[in-house]
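Heads up, the thing below is written out as structure tokens.
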Amino acid sequence: MKFNSAAALLAVGSLANTYGFTPSSSVSSFTSHRQSLARPSARLPAHIQHTSRSATTLSMSTLKVGIVGATGAVGKEIVGCLEKRDFPVDSLRIFGSERSAGKEVDTKFGKVKVELFSEDAARECDVVFLAVDGDFSLAHAENICAGDDGAVVIDNSSAFRYKEGIPLVVPEINAEATKGKKLIANPNCTTAIGLMAVWPLHKLFGLSKMIMSTYQAASGAGQPGMDELKEGTRAVLSGERDVAENKIFAHPLPFNVIPHIDKFMENGYTKEEMKVTWETRKICGLADDFPVSCTAVRIPTARAHSESIVALFENPVDVAAARKALEEAPGVKLVDDVDNMKYPMPLTATGQYDIEVGRLRENIAFDNALEFFVCGDQLLRGAALNAVIVAEAMVENGALQTKTAA
């Protein structure tokens with residue numbers, strides 16, 4: 001896999017409130033969170049089935065599972081995915097801060113008392129999901145997985161995405177990269193959602209360039225972002241303010257769009273935009289200079305990111321063949337019936353395991369190019385669900401076992 005990690009160094013500051021490993025984390029909000037998720041189709045290979053299944057179909061033995069940051073938005077969804085997909089859990093341990101330690105949360109696996117995090121305790125697990133910020137992951141992830149007796153660690157932060165030798169995985173694309181590995185990086189949500197649609201087309205026609213524009217929900221900035229959008233919208237509609245206040249976003253988000261996510265870099269792109277470029281290259285095994293360009297925009301929706309993608313290919317494209325490839329692709333739902341006004345939208349993608357893709361057509365500005373629109377729930381496909389399917393793939397390929405069986 002070609003990738004120049006030096007060209008892609010990132011600061012690892014993440015939104016801790018997205019993950020919930022902060023002093024203000026609320027366990028009571030976790031217990032009240034039981035969102036119902038639609039069950040996608042089951043026409044998939046075993047290690048990436050998107051429906052729930054009995055544990056025996058995945059593994060003959062069950063696993064000791066740990067989650068750090070389980071009271072945050074992503075952590076809650078990890079628990080939900082483990083429950084709904086019947087992941088082979090022998091025991092579930094939830095690690096938190098001093099503020100939440102000792103409290104209990106209700107799960108399908110019984111009441112779980114939140115433990116104060118320690119590396120030694122996390123190492124007792126077979127697999128640990130980190131739903132924390134990048135600084136925390138940098139400090140602890142490698143210690144948790146070190147040695148033959150360490151746990152497998154699946155990290156949702158940006159801490160290790162660009163580090164040589166650490167797989168960055170969308171399991172429908174490169175699950176084989178996890179073989180023999182103990183530390184796996186989850187990609188940026190925008191990248192994961194987009195590549196679910198791009199990869200089947202790349203296999204069919206051979207990707208040569210990609211241009212992406214994103215429309216990203218407020219929840220990409222965690223619960224504080226959603227709260228700012230909700231409160232700001234209320235204040236404007238009630239006449240309390242002409243323009244909403246902003247503390248989380250660069251500008252007021254209600255009744256506005258903001259073409260600025262993360263910090264600007266020397267080349268004029270934001271870090272969020274460059275993540276798409278760097279991660280597409282690494283996940284798909286493309287050259288270090290493979291041309292990918294992205295413009296990332298924050299929009300005033302609560303959940304689910306949207307992306308407009310122009311994909312240029314080495315070979316002539318065929319829309320009918322592209323539709324067939326997307327219909328058959330795991331984790332992808334083709335929603336493309338414009339006569340009946342059916343196309344991907346955040347409203348319909350929210351809470352779904354599959355990403356939606358539609359508005360598929362041949363691009364009229366470039367040769368051998370397709371243009372399409374994608375929506376996906378960034379807390380699921382872009383984070384929690386991806387992490388759980390990574391673990392499932394590792395069970396299938398033997399990289400994740402109970403320690404007594406290892």
For this session: State to the nearest 20 debye the size of the charge dipole of segment 247-358 about its Cα centre, where the only charges are +1 on K and R beta carbons and -1 on D and E beta carbons.
Result: 540 debye
For this session: With a/c under 1.5 counting as rounded, go ahead and sort segment 248-346 into rounded, prolate or oblate using the C-alpha gyration tensor (a ≥ b ≥ c being the square roots of the eigenvalues; past the cut-off, prolate if a/b is larger than b/c, else oblate).
Result: oblate
Problem set entry | Heavy atoms of Y269 accessible to a 1.4 Å probe, total area in Å² rounded to 10 | 70 Å²
Seminar exercise, completed: Applied in sequence order to segment 178-194, the curve 6.51 cos²θ - 1.76 cosθ + 1.60 (Karplus, θ = phi - 60°) yields integer Hz couplings, x standing for Gly and Pro, of 7, 4, x, 10, 10, 10, 10, 9, 8, x, 4, 4, 4, 4, 4, 5, x
Problem set entry | For segment 303-346: rounded, prolate or oblate by the Cα gyration tensor [a/c cutoff 1.5] | prolate
For this session: Identify all lysines with a Cα-Cα distance to K263 below 16 Å; exclude those on the same chain that are fewer than 8 residues away in sequence.
Result: K247, K271, K275
Problem set entry | Restricting segment 196-248 to GluC sites (Glu not before Pro) in coil, as DSSP defines it, with at most 13 other Cβ within 10 Å | E240, E245
Seminar exercise, completed: Once amide hydrogens are built 1.01 Å from N within the peptide plane, the residues lying 5 or more places from E104 or on another chain with amide H under 5 Å from its amide H are V114
Seminar exercise, completed: Mean accessible area per residue over segment 57-96 (1.4 angstrom probe, all protein chains present, square angstrom) is 24 Å²
Exercise. What are the lysines whose alpha-carbon lies under 22 Å from the alpha-carbon of K181, with same-chain residues fewer than 8 places away excluded?
Worked result: K2, K64, K163, K282, K403
Exercise. Each residue of segment 172-177 in turn: what ³J(HN,Hα) in whole Hz from Karplus with 6.51, -1.76, 1.60 and θ = phi - 60°, glycine and Pro shown as x?
Worked result: 5, 9, 9, 4, 5, 5
Problem set entry | Protein accessible area in segment 123-280, 1.4 Å probe - carbon and sulfur % | 52 percent
Problem set entry | 1.4 Å probe accessible area per residue over segment 164-314, in Å² | 40 Å²
Seminar exercise, completed: Given a 1.4 Å probe, the accessible area of segment 316-406 per residue, as a whole number of Å², is 42 Å²
Exercise. What is the Cα centroid distance between segment 177-237 and segment 65-128, reported in whole angstrom?
Worked result: 24 Å
Exercise. With charges only on Cβ, +1 for K and R and -1 for D and E, what is the dipole size of segment 111-256 about its Cα centre, in debye, rounded to 20?
Worked result: 600 debye
Exercise. When the solvent-accessible surface of protein heavy atoms is calculated with a 1.4 angstrom probe, in what order do F313, F117, F255 fall, highest first?
Worked result: F255, F117, F313
For this session: Would you mind calculating the relative contact order of segment 203-334 from Cα pairs under 8 angstrom and at least 6 residues apart, reporting the percent as a whole number?
Result: 41 percent
For this session: Just check segment 329-381 against the gyration tensor rule for me: Cα atoms, a ≥ b ≥ c as the square roots of the eigenvalues, rounded for a/c under 1.5, and otherwise prolate or oblate depending on whether a/b exceeds b/c.
Result: prolate
Exercise. Tally Lys and Arg at +1 and Asp and Glu at -1 over the other residues with C-beta under 15 Å from the C-beta of A244: what net charge comes out?
Worked result: -1
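The values are calculated or read from the model by the stated rules, or taken from the named source; none is laboratory data. Just so we're clear, the structure is a prediction, and the values are computed from it rather than from any experiment. So basically every Cβ, Gly included, is an ideal-geometry build from the backbone, and we count neighbours across all protein chains shown. These area figures cover heavy atoms from the full protein model, side chains too; ligands, DNA and RNA do not enter into them. Shrake-Rupley method; radii C 1.70, N 1.55, O 1.52, S 1.80 Å.
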